[in-house]
1. Scan segment 123-147 residue by residue and report those that are in a helix (DSSP H, G or I), more than 16 Å from the chain's Cα centre (by Cα) and small (G, A, S).
2. Under 8 Å between Cβ atoms, which residue pairs at least 6 apart in sequence (or on different chains) link something in segment 243-262 that is free of Cβ contacts under 8 Å to residues at least 40 places away in the same chain and closer than 14 Å to F210 by Cα with a partner that is open to solvent by 50 Å² or more (accessible area, probe 1.4 Å) and hydroxyl-bearing (S, T, Y)?
3. For residues that are out of contact with any Phe, Trp or Tyr (no Cβ under 8 Å at 6 or more places or on another chain) and of a type in the set (G, A, S), scanning just segment 137-162, find the one that is farthest from A184 (Cα to Cα).
4. Taking V242, is it in a helix (DSSP H, G or I), of a type in the set (A, V, I, L, M, F, W, C) and either under 21 Å from H71 (Cα atoms) or touching a His at 6+ places or on another chain (Cβ under 7 Å) (or both)?
5. Of all the residues that make up segment 95-122, how many are farther than 25 Å from R59 by Cβ and in a helix (DSSP H, G or I)?
6. Tally the residues that are in a helix (DSSP H, G or I) and open to solvent by less than 70 Å² (accessible area, probe 1.4 Å), restricting the search to segment 178-195.
7. Look at segment 18-42 and say how many of its residues are closer than 18 Å to R59 by Cα and open to solvent by less than 70 Å² (accessible area, probe 1.4 Å).
8. Only one of these is among the polar types (S, T, N, Q) and at pLDDT below 85: T46, T11. Name it.
Amino acid sequence: EAVKKHPNDKTLKMARATLLADMGQVDQGVAEIKALLAAKNKPVATDPEKVEQDKAERREMYLSLSQIQEHARRFDDAIASVKAAGELSSGKEEEEAIFFTLGSVYERAHKIEDAEQNFRKALAINPDSSLTLNYLGYMLADHGVRLDEAVKMITRALELEPQSGAIMDSLGWAYFKQNRFDLAEQYLLKAVQKQSKDATIRDHLADLYFKTNRTKQALQEWTTALAEWEHTLPGDTDPLDVAKVQKKLEDAKVKLAKENGTVK
């Protein structure tokens with residue numbers, strides 16, 4: 001309705017395109033933003049101020065397009081769109097945002113080396129970005145590499161943003177990977193209190209319970225994680241993660257049955 005009333009509002013059109021994609025109409029969402037870009041790519045501005053404004057608008061369009069493509073798991077397309085936005089970027093702040101966004105897309109595409117390279121470029125511009133410190137630290141921990149560095153990064157991120165449940169989860173997960181289970185539990189429980197509906201945090205807490213022989217609690221957390229993922233947009237969930245949790249849940253059920261003596 002808003003687009004009908006304000007047909008020239010590009011921000012509204014991008015928001016509608018993103019919503020269409022979230023509802024499963026990915027091709028239509030992509031087509032609508034590409035139509036906006038096609039109109040913008042026509043050289044209509046001559047005034048320097050107008051040229052810069054058009055440049056900024058095209059940058060936002062490419063970033064919106066990349067978000068749709070990433071959620072649809074069209075990672076190569078998303079990377080190309082982010083790079084196109086990068087060519088329209090100027091200044092350290094915009095460059096940092098491009099490197100971070102590239103890192104996050106590469107990470108979701110399971111291209112870890114490329115992701116790390118771009119996250120480190122972002123950190124070179126802004127060493128105190130809690131967002132980048134947390135993302136890179138979590139990624140390293142999740143893959144079980146350079147765990148001491150990961151803990152250091154995430155600890156710094158938490159110092160910068162002490163109320164963040166996401167960062168508490170990252171630190172708890174890094175400690176779990178180090179087999180420092182007391183510290184892991186401390187931070188994962190804090191994270192759950194902050195973000196009780198986060199399926200990933202529930203999964204991490206379940207892994208901790210299972211590892212420390214609290215099978216019943218692990219089963220409860222994995223059940224909750226799967227229930228929360230059912231209410232998450234498909235683009236925000238990795239099917240591989242869901243499948244892994246389903247497998248862990250079944251294994252926990254078998255182990256609990258054995259512990260209760262109902263299965264030999």
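1. The first filter runs over segment 123-147 and keeps only residues in a helix (DSSP H, G or I), leaving 123-125, 130-142, 147.
Filter once more, keeping what is more than 16 Å from the chain's Cα centre (by Cα): 123-125, 147.
Across segment 123-147, the qualifying residue is only A124.
2. Taking only residues 6 or more apart or on different chains, the pairs are L249/T223.
3. As a first pass, look at segment 137-162 and keep what is out of contact with any Phe, Trp or Tyr (no Cβ under 8 Å at 6 or more places or on another chain): 137, 140, 143-149, 152-153, 155-162.
Restricting the remaining residues to those that are of a type in the set (G, A, S) gives 137, 144, 157.
Numbers: G137: 15, G144: 15, A157: 16 Å.
Result: A157.
4. On the way: in a helix (DSSP H, G or I): yes; of a type in the set (A, V, I, L, M, F, W, C): yes; either under 21 Å from H71 (Cα atoms) or touching a His at 6+ places or on another chain (Cβ under 7 Å) (or both): yes.
Judged against the criteria, V242 is a match.
5. Going residue by residue through segment 95-122, those that are farther than 25 Å from R59 by Cβ are 110, 112-113.
Filter again for in a helix (DSSP H, G or I), leaving 112-113.
Residues meeting the conditions: 2.
6. Qualifying residue count, segment 178-195: 9.
7. Applying the first criterion (closer than 18 Å to R59 by Cα) to segment 18-42 yields 18, 29-42.
Then drop every residue that is not open to solvent by less than 70 Å² (accessible area, probe 1.4 Å), which leaves 18, 29-33, 35-40.
Count: 12.
8. T46 is the lone residue from the list that is among the polar types (S, T, N, Q) and at pLDDT below 85.
The values are calculated or read from the model by the stated rules, or taken from the named source; none is laboratory data. In this text the structure is predicted, and so the values were computed from the model without any measurement. Here Cβ is always computed from backbone atoms with ideal geometry, including for glycine, and neighbour counts include all displayed protein chains. What goes into the accessible areas is simple: the full protein's heavy atoms, side chains included, and nothing from ligands, DNA or RNA. Shrake-Rupley method; radii C 1.70, N 1.55, O 1.52, S 1.80 Å.
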